Amino acid sequence: MAKDTRRKHREKIYNSGDVSSYSETRQSEAGGISGDSSGSAVNCRNTGDVSAASDLSSAYSGGICGAISGSSASIANSRNSGTVFASGDANSEAGGIAGSASGTIESCSNSGKISAYSSDSSAFSCEAGGIYGYGSGSVADCFNTGNVSAACLLSANNARAGGIAGFNYTSRPSAITNCYSTGNVSAYNAVPYISVYYYYPYAGGIYGGYSSSSALACSNCVVLSSQITAENSLDPDHARRYIIGYNGTKSNNLAIIGISGNATDDADRRISYAEARSQATYAALGWDFTNTWIMLPGYDYPQLRN
């Protein structure tokens, strides 16, 4: 989809075709429904693969929107199952719902593979998230089942990946609540940056990292990943964890037993496979099974009613 800078409401739009955007010198945005939006998207679906690339600038790629901007921008009741990929010279941002988000995302899901990648030695950041890759957005009642990876192959800077979101870049308060992720998460920097934590690769089962310790709160979330890994990180206690890779506040978050990789345990409680498949586990966190969530036959974990 082409870039759309107008404030616009999009509802019940379905896309099954592949979408790609490329620019040699300028920023590139690609989304299954919209490349760039300051409006809203509701009840939208994308099954096509989405990719954005820029040789000399940033790339933003999302299953629904490449980027949503503005505090009133929103995406709700939408789903993506397509592969999402972003590769830029400056920033590479990929998300199952939005590559970059500064609004709100509610009751959305992603099952596609999400990747942010750069092979440029001057790349500043590569961020990937099951719901959004980069921004300051708030996320509620969402889930991700796709694998998430961020890799800076020739740079020491800023590979961040999270099962729900990759990186929060401002001190504007926002939150991730009532979400879960089953996808594997990995972040990789070609070489470790030894000066400050800010430039380490971050990997988290829910969130990769925050620029401010108080910027974003993560609560009532569940990590069901098989593996969480950050490579070439010099401080494992700060860069790779089950819930949050680096910084941020958290409360009442759970992680399943048996997670492999090199992440450390920062969950409030570990749960068994049987607990992970029980509605009671999520209801105890305050999840709404009357209006928002439902347990369905044939699915191990909660599904959205939308």
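Every number in this text was worked out from the coordinates using simple rules, so none of it is lab data. Just so it is clear, the structure is predicted and the values come from calculations on it, not from any experiment. No Cβ is skipped: glycine too gets one built from the backbone with ideal geometry, and neighbour counts run over all protein chains shown.
Using 1/(1 + (r/R0)^6) with R0 = 25 angstrom and r between the beta carbons of Ala217 and Tyr14, what's the FRET efficiency to the nearest 0.05?
Numbers: r = 34 Å, r/R0 = 1.35.
Result of the calculation: an efficiency of 0.15.
Could the peptides 48-59, 32-43, 263-274 be put in order, highest first, of the mean number of other beta-carbon atoms found within 10 Å of their residues? Could you put the intermediate results ahead of the total?
Details: 48-59: 22.4, 32-43: 24.1, 263-274: 14.6.
By packing density, highest mean first, the sequence is 32-43, 48-59, 263-274.
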> What are the principal axis extents of the Cα atoms in the chain, in Å, biggest first?
Replying inline: 52, 47, 32
>> If I take R0 = 22 Å and measure r between the Cβ atoms of Asp55 and Leu154 in this structure, what FRET efficiency does the formula 1/(1 + (r/R0)^6) give, to the nearest 0.05?
In response: 0.95
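If the convex hull of the alpha-carbon atoms of the stretch 7-88 is projected onto planes in all directions, what is the mean projected area in square nanometres? List each step's numbers first, then the result.
Values: hull surface 18.8 nm².
Its Cα hull, projected and averaged over all orientations, spans 4.7 nm².
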> Given 0.36 nm per residue, what is the gain on full extension from Asn43 to Asn306 after removing their alpha carbon distance, in nm?
Replying inline: 93.9 nm
> Whose amide H sits under 5 Å from the amide H of Gly88, counting only residues 5 or more places off or on another chain, with H placed in the peptide plane?
Replying inline: Ser54, Ala59, Tyr117
>> Using only DSSP helix segments of four residues or longer, with each worth -39500 (n - 2.57), what per-residue ellipticity at 222 nm results for the chain after dividing by its residue count and rounding to 500?
In response: -500 deg cm²/dmol
> What ranking, highest mean first, results for peptides 17-30, 99-112 when packing means the other Cβ atoms within 10 Å averaged over each residue?
Replying inline: 99-112, 17-30
> Using θ = phi - 60° and the Karplus form 6.51 cos²θ - 1.76 cosθ + 1.60, what ³J(HN,Hα) does each residue of the stretch 89-101 get, whole Hz, x for Gly and Pro?
Replying inline: 6, 9, 10, 10, 10, 10, x, x, 9, 9, x, 10, 9
>> Explain nothing, just compute: Karplus ³J(HN,Hα) = 6.51 cos²θ - 1.76 cosθ + 1.60, θ = phi - 60°, for every residue of the stretch 58-71 in order, whole Hz, x for Gly and Pro.
In response: 9, 10, 10, 9, x, x, 9, 10, x, 8, 10, 10, x, 5
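Applying 1/(1 + (r/R0)^6) with R0 = 51 Å to the Cβ-Cβ distance of Ser119 and Tyr273, what FRET efficiency is obtained, to the nearest 0.05? Before the final figure, lay out each step's value.
Working: r = 39 Å, r/R0 = 0.76.
With a Förster radius of 51 Å, E is 0.85.
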